[in-house]
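What follows is one structure encoded as structure tokens, with my remarks underneath.
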Amino acid sequence: MSDRGEGGGGGGFGAFLFGVVLGAVAGFVFAPTERGETTRRKVTKGLRNLKDLAEEKVDEVRGFVKEAEEDAEEDEPADDDEPEIATREQLRRRLEAARRRRAKAARPAPPAPEEEDEPLA
């Protein structure tokens, strides 16, 4: 048996593969040729586009959160006179109701009155 976790075996290869990809990207970016400069410009442009996209998505998520908060405020009951029943109290009431039903089911049913046979005449 090995001492690795149940996922086992792929961690070393994944790290190696990540290192290879990272080294290749670093080689292209820092190459002293014209190609290196072109690659740097492309990477910079891509990162700027990625930043803009991330900002748009953050704004979109903020809008969704704001809408959800507004919907939650609208869904709250307007009747503030009656306090909310605590969850513990709700559970206690359900338990009492279940006990009453069980006790009622456990009681023997009263015997049905026996009817006398009437003569058919």
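The values are calculated or read from the model by the stated rules, or taken from the named source; none is laboratory data. On a predicted model such as this, the values are computed, not experimentally measured, just so you know. Each accessible area value is taken on the protein alone, full model and side chains, heavy atoms only, with ligands, DNA and RNA left out. Shrake-Rupley method; radii C 1.70, N 1.55, O 1.52, S 1.80 Å.
Side notes on the structure shown:
- Protein-only accessible surface at a 1.4 angstrom probe places the residues 39, 87, 44 in the order 87, 44, 39, largest first.
- Rolling a 1.4 angstrom probe over the protein heavy atoms with all chains in place gives segment 19-61 an accessible area of 86 Å² per residue.
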